[in-house]
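**Q** Let me begin by handing over the structure; questions about it come next.
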Amino acid sequence: MMSNLTRDLIQLKALVLKEYREAFRDKRALMVALMMAILAPIGIMMISKIMIEKLVDEPPVYVKFSGAEYAPQLIKHFADNNLLAFVDVPADEKSTWQQRSITLNIPANYAADMAAGKPIQLHLQADFTDKAVQPPVRRINNALRAFSLSIGYKRLLLRGVDIRLLNPLELVEQDTAKPDATFMLISMMLGLYLMLAAFMSGLSVAIDSSAGERERNVLEMLLCQPVSTLKIVLAKLISASTISVIGVLLILLLTSVSVGFVDLTKIGATFSLDLSTAAILLLLLLPICFFASACQLFVAFQTKSFKEAQSTVGMLIGIPAFIPFVISMMDDRPQWLNWLPIAGQSMIIEKIFKGVELDWLAVFTTSSVTIVITVALILALAKKLKSEKVVMALS
Amino acid sequence: MIEVNNLHKSFIDKKNKKNTVKALDGLSFTANDGEITGILGPNGAGKTTCLRTLYGLLCADEGFATIDGISVTEKPLAARAKLGIFPDKFGLYERLTAYEQIDYFASLHGMSGQVKKQAIEQVIQDLDLGELAHRKTVGFSQGQRMKITLAQALVHQPQNFVLDEPTRGLDVMSTRILRNHLAKFKAKGHCILFSSHVMQEVAALCDRVIIVANGKLAAQGTPQELCELAGESNLEEAFVKLIGSDEGVAA
């Protein structure tokens, strides 16, 4: 007679092997998991690039000057501010600037009026409601005002007037935002994305191995075998969460590689997704992967069809996106939030990216609570699978 | 040996008590080792409910079922280990090959190593599955699917074997293979419980026939005895007569 333990191991091994075979041969489910992973670094790179451009560069603006020959000094001042003449526009940007059609008219009597000290009217023509035109217009405005003021100051100076009389009040702005505040946003998004990936990647495998099997009439045969329902559920959990762990791993790997291609130093950020940070993130997300798969299996096993399972479990996806969002809005975070699954992890991830010292006790508590809930879900599901209700729903 | 004793089972509709279905109403029978027992009954007679109770999927309100003396409600896993099942509704894991599926079920019955390998080879040879064995089961015909399901049920050489309409969709050759197989099992002293709607098959194959109607035993005996009981010359006529009478001719 073979010992019970050997038998248990043979059964569990067969169950897990079968789930893995089915999962890894399901191209569609794997695609979902991998898509999340591949999209992440691309998205982060794109967002970083756009932000860097917006923040750092003053991109060249091409203005249609008419009468530029009357005011060479002004044109030079514009050029110093990267406000260039339309004739110099590069071919690939020509149509955009042609469409924006920002025109500045300099009158022919500019030089004469300037010499005579008369006010000169320059006409700026553009579609001011066009969002894309507003920043260039603002810059032209600023540049012109600065130029005008500098001439005005010189005139007063020549007449022996202290120009400080013109500015009795002065507002000194002190920007307290850290140089990498924008970068914080990017890393926050990465945190959210990782959480989402932990939930999403194993999703189709979880649905397929529960509601899908029921619909394909293989569940009844399985439930008639001399295997405990706990082993069945465990095997399915292991398979689904393996896929989500792979998804999370890929994201971490690809992101840490891809951020190397973006020059984040321009916005004063040094992205440090080094090995130890990645390892801590993985450690935090592992219980989440199991928790997510357990939730999905729990819900999917109780639905009547594959379709119902898809829509119901689809709603679960909202949780990892919603909870961190709500938490980031909260000013007074109650203590118990630290312990909840997802909420706890997302706060720790936030702190990791902020560079705050890691609170290992918090990591331990939130992980333990997550694992305890996962175990409870699995036990409840194993019990449910023994009930007649599930059997009755078979056909 | 499979024993079913005084099984009662009702499905209660919680919203409307009038819709309560009494699926089993004191069903008792015994299927002996070394015999093929046929279970006959019109649709909705309670056959599937009875078999599901036997698998330990449903829990009877009253009465008990045992497999080789093991109660299915008290020790469902031990009872199922003695059982090979060909279910009413069956599906295949379409992303696995036939061999992998049979291997899977063999492992679920605790087989491993060389013993398992030999058992799989044997069942593949017995059911003439050699050509199909290493193909994925997606796209298999109905008959091929049934054969794979049979192989899954037989691979661990169960002492008791329950088949729910196993011959539907099988071609003549496969039906013969199955019959020969069942006869061999019978000769080796296994207990076979067999449900079918094909009367000729039941008449040809079964040593004893149990007729179930309205969740009760309507009649039982050899096909010959049932014909005599009903005063008909063939089993089909006898069956119609036996289930048609409200009180049943004998119990």
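**Q** Answer yes if at least one residue in the range A:291-302 is modelled with pLDDT under 90 and crowded, with 16+ Cβ neighbours inside 10 Å, and no otherwise.
**A** Checked the range A:291-302: at least one residue is modelled with pLDDT under 90 and crowded, with 16+ Cβ neighbours inside 10 Å.
**Q** A follow-up question, please. Looking only at the range A:97-127, which residues are in contact (Cβ under 8 Å) with a residue 24 or more places away in the chain, part of a helix (DSSP H, G or I) and under 42 Å from the mean Cα position of the chain (by Cα)?
**A** The answer is A:TRP97, A:ARG100.
**Q** Before we move on, is B:THR97 at pLDDT 90 or above, of a type in the set (Ser, Thr, Tyr) and touching a His at 6+ places or on another chain (Cβ under 8 Å)? If you could, list the steps in order and put the result at the bottom.
**A** Working: at pLDDT 90 or above: yes; of a type in the set (Ser, Thr, Tyr): yes; touching a His at 6+ places or on another chain (Cβ under 8 Å): yes.
It is true that B:THR97 is at pLDDT 90 or above, of a type in the set (Ser, Thr, Tyr) and touching a His at 6+ places or on another chain (Cβ under 8 Å).
**Q** So which residues in the range A:91-134 are over 18 Å from A:PRO72 (Cα atoms), surrounded by 15 or more Cβ atoms within 10 Å (Cβ to Cβ) and of a type outside the set (Gly, Ala, Ser), if there are any at all?
**A** Residues satisfying the conditions are A:TRP97, A:ARG100, A:ILE102, A:VAL133.
**Q** Here are some conditions: (1) away from chain A (no Cβ under 14 Å); (2) touching a residue at least 12 places away in the same chain (Cβ under 8 Å). B:ALA106 meets all but one. Which one does it not meet?
**A** The one condition B:ALA106 does not meet is (1).
**Q** Considering the range A:310-367 alone, what residues qualify as being of a type in the set (Gly, Ala, Ser), exposed (fewer than 15 other Cβ atoms within 10 Å of the Cβ) and over 30 Å from A:GLU213 (Cα atoms)?
**A** Answer for the range A:310-367, where residues must be of a type in the set (Gly, Ala, Ser), exposed (fewer than 15 other Cβ atoms within 10 Å of the Cβ) and over 30 Å from A:GLU213 (Cα atoms): A:SER328, A:GLY355.
**Q** Mind listing whichever residues of the range A:310-342 are outside any loop (DSSP other than H, G, I, E, B), within 17 Å of A:SER293 (Cα to Cα) and among the hydrophobic types (A, V, I, L, M, F, W, C)? Spell out how you get there, then give the answer.
**A** Keep residues of the range A:310-342 that are outside any loop (DSSP other than H, G, I, E, B), which gives A:310-316, A:318-329, A:335-338.
Now drop any that are not within 17 Å of A:SER293 (Cα to Cα), which leaves A:310-316, A:318-321.
If the condition is that a residue be outside any loop (DSSP other than H, G, I, E, B), within 17 Å of A:SER293 (Cα to Cα) and among the hydrophobic types (A, V, I, L, M, F, W, C), then A:VAL313, A:MET315, A:LEU316, A:ILE319, A:ALA321 are the ones that fit.
**Q** Then there is this: Count, please, the residues in the range A:1-35 that happen to be without any contact (Cβ under 8 Å) to a residue 12 or more places away in the chain, farther than 12 Å from B:TYR93 by Cβ and under 34 Å from the mean Cα position of the chain (by Cα).
**A** The number of residues fulfilling the criteria is 4.
**Q** Counting only residues that are without any contact (Cβ under 8 Å) to a residue 60 or more places away in the chain and of a type outside the set (Gly, Ala, Ser), how many does the range B:9-47 have?
**A** 13
Rundown of residues vs (1) part of a helix (DSSP H, G or I); (2) within 14 Å of chain B (Cβ to nearest Cβ), yes/no style:
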{"position": "A:PHE24", "(1), (2)": "yes, yes"}
{"position": "A:ILE42", "(1), (2)": "yes, no"}
{"position": "A:VAL63", "(1), (2)": "no, no"}
{"position": "A:LYS76", "(1), (2)": "yes, no"}
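**Q** Another question about this same structure. Since A:ILE42 meets every condition but one in (1) over 27 Å from A:LEU219 (Cα atoms); (2) surrounded by 22 or more Cβ atoms within 10 Å (Cβ to Cβ), which condition does it not meet?
**A** Evaluating A:ILE42 over (1) over 27 Å from A:LEU219 (Cα atoms); (2) surrounded by 22 or more Cβ atoms within 10 Å (Cβ to Cβ) leaves (2) as the failure.
**Q** Tell me which residues, restricted to the range B:54-70, are surrounded by 15 or more Cβ atoms within 10 Å (Cβ to Cβ) and either away from chain A (no Cβ under 13 Å) or within 13 Å of B:LEU83 (Cα to Cα) (or both).
**A** If the condition is that a residue be surrounded by 15 or more Cβ atoms within 10 Å (Cβ to Cβ) and either away from chain A (no Cβ under 13 Å) or within 13 Å of B:LEU83 (Cα to Cα) (or both), then B:LEU54, B:TYR55, B:GLY56, B:GLY63, B:PHE64, B:ALA65, B:THR66, B:ILE67, B:ASP68, B:ILE70 are the ones that fit.
**Q** Return the residues of the range B:8-44 that are within 13 Å of chain A (Cβ to nearest Cβ), in a strand (DSSP E or B) and either within 21 Å of B:ALA238 (Cβ to Cβ) or among the hydrophobic types (A, V, I, L, M, F, W, C) (or both); say none if nothing qualifies.
**A** B:PHE11, B:VAL21, B:ALA23
**Q** Applying the selection to the range B:218-251, what residues are of a type outside the set (Gly, Ala, Ser), at pLDDT below 85 and in a loop (DSSP other than H, G, I, E, B)?
**A** B:GLU232, B:ASN234, B:ASP246, B:GLU247, B:VAL249
**Q** Among B:GLN118, B:GLN142, B:GLN114, B:GLN122, which is away from chain A (no Cβ under 11 Å) and at pLDDT below 90?
**A** Working: B:GLN118 fails: at pLDDT below 90; B:GLN114 fails: at pLDDT below 90; B:GLN122 fails: at pLDDT below 90.
Result of the check over B:GLN118, B:GLN142, B:GLN114, B:GLN122: B:GLN142.
**Q** So, one more: Suppose we filter A:ILE246, A:ILE238 for residues that are modelled with pLDDT of 90 or more and more than 30 Å from B:LYS89 (Cβ to Cβ); which single one remains? Talk me through it step by step, then tell me what you get.
**A** Values: A:ILE238 fails: more than 30 Å from B:LYS89 (Cβ to Cβ).
When all the criteria are applied, what remains is A:ILE246.
**Q** Taking A:PRO226 as meeting all but one of (1) touching a Leu at 6+ places or on another chain (Cβ under 7 Å); (2) at pLDDT below 85; (3) not in a helix (DSSP H, G or I), write down the number of the exception.
**A** Single failed check for A:PRO226: (2).
**Q** To continue, here is another question. Of these, A:SER328, A:SER346, A:SER293, which one is over 24 Å from A:SER241 (Cβ atoms) and in contact (Cβ under 8 Å) with a residue 60 or more places away in the chain?
**A** A:SER328
**Q** Follow-up question, since we're still on this one. Would the range B:77-95 turn up any residue that is more than 11 Å from chain A (Cβ to nearest Cβ) and buried (at least 23 other Cβ atoms within 10 Å of the Cβ)?
**A** no
**Q** In addition: Is it the case, given these coordinates, that B:ASP126 is in contact with a strand residue (DSSP E or B) (Cβ under 8 Å, 6 or more places away or on another chain), within 27 Å of B:MET1 (Cα to Cα) and of a type outside the set (Phe, Trp, Tyr)?
**A** no
**Q** Has the range B:205-227 got at least one residue that is farther than 26 Å from B:SER10 by Cα, among the small types (Gly, Ala, Ser) and without any contact (Cβ under 8 Å) to a residue 12 or more places away in the chain?
**A** No - not one qualifying residue is present in the range B:205-227.
**Q** Follow-up. Looking only at residues in the range A:188-247 that are closer than 19 Å to B:ALA106 by Cα and of a type in the set (Gly, Ala, Ser), which one is farthest from the other protein chains (Cβ to nearest Cβ)?
**A** That would be A:ALA235.
**Q** Filter the range A:249-287 down to the residues that are outside any loop (DSSP other than H, G, I, E, B), modelled with pLDDT under 90 and in contact with a Ser or Thr (Cβ under 7 Å, 6 or more places away or on another chain), then identify the one that is surrounded by the fewest Cβ atoms within 10 Å (Cβ to Cβ).
**A** A:ALA278
The values are calculated or read from the model by the stated rules, or taken from the named source; none is laboratory data. These numbers were taken from a predicted model, which means no experiment stands behind them. Please note: Cβ atoms are built from the backbone with ideal geometry, for glycine as well, and neighbour counts cover all protein chains shown.
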